[in-house]
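Participant: Structure provided below as structure tokens; questions to follow.
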Amino acid sequence: MPSFDIVSQVNAQEVKNAVEQANKEIQNRFDFKGSDARIEQNELVLTVYADDEFKLGQVTDVLRQRMSKRNIDLRALELGAPEKAAGDKAKRAITVKVGIAQDKAKAIQKLIKESKLKVQGSIQGDAVRVSGAKKDDLQAAIQLVRAQVADAPLQFINFRE
């Protein structure tokens, strides 16, 4: 029976490259000379440091630009609230979301079921597997999910016949 998986993945190596490029740009920019602006990465949790909240926003913008140039979907970034760090410095945690949350997976499964297409959706951990009798029905399900779910970066992989 033909099937495919709906997942939300991010290439960790591209995230690392984007962070390194952003740090290089921050070091070379004139408006950051003498400041403690930087981005640290621990797996898929990024921490942005700056002298104040304004510069924190600028560093975050540089990071977003670098990530978008490396084809990382910015909807995968979850920005934390700005916090006070040592002294008058500021920091912000940014989480790179991987996988589909259970409530989002249930909503996708419900959307597929209510569409009256001859396909079935099942939750497989942090992915949703869609299976059906015809490839055309599966392609219609892909178009439906693309059109209806805009708040999460989704990929459609493992298309099998």
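The values are calculated or read from the model by the stated rules, or taken from the named source; none is laboratory data. Bear in mind the structure is a predicted one, so any value in this text is a computation, not a measurement. Counting neighbours? That spans all protein chains shown, and the Cβs are built from the backbone with ideal geometry, glycine included.
Participant: Are any residues in segment 103-114 surrounded by 12 or more Cβ atoms within 10 Å (Cβ to Cβ) and either of a type in the set (D, E, K, R) or under 18 Å from P2 (Cα atoms) (or both), and if so, which ones? Working first, answer last.
Facilitator: So in segment 103-114, the residues surrounded by 12 or more Cβ atoms within 10 Å (Cβ to Cβ) come out as 104-109, 111-113.
Across segment 103-114, the qualifying residues are K104, K106, Q109, I112, K113.
Participant: So, I142, is that one surrounded by 12 or more Cβ atoms within 10 Å (Cβ to Cβ), closer than 14 Å to V7 by Cα and modelled with pLDDT of 90 or more or not? Show your work before the answer.
Facilitator: On the way: surrounded by 12 or more Cβ atoms within 10 Å (Cβ to Cβ): yes; closer than 14 Å to V7 by Cα: yes; modelled with pLDDT of 90 or more: yes.
Judged against the criteria, I142 is a match.
Participant: So, one more: For D126, indicate whether it is closer than 20 Å to A12 by Cα, among the charged types (D, E, K, R), within 20 Å of the chain's Cα centre (by Cα) and not assigned by TED's automatic domain parsing to the domain that holds N17.
Facilitator: Against the criterion (closer than 20 Å to A12 by Cα, among the charged types (D, E, K, R), within 20 Å of the chain's Cα centre (by Cα) and not assigned by TED's automatic domain parsing to the domain that holds N17), D126 qualifies.
Participant: Of everything in segment 83-107, what is in contact with a helix residue (DSSP H, G or I) (Cβ under 6 Å, 6 or more places away or on another chain) and more than 21 Å from I72 (Cβ to Cβ)? Give them in sequence order.
Facilitator: Scanning segment 83-107 gives a single hit, A90.
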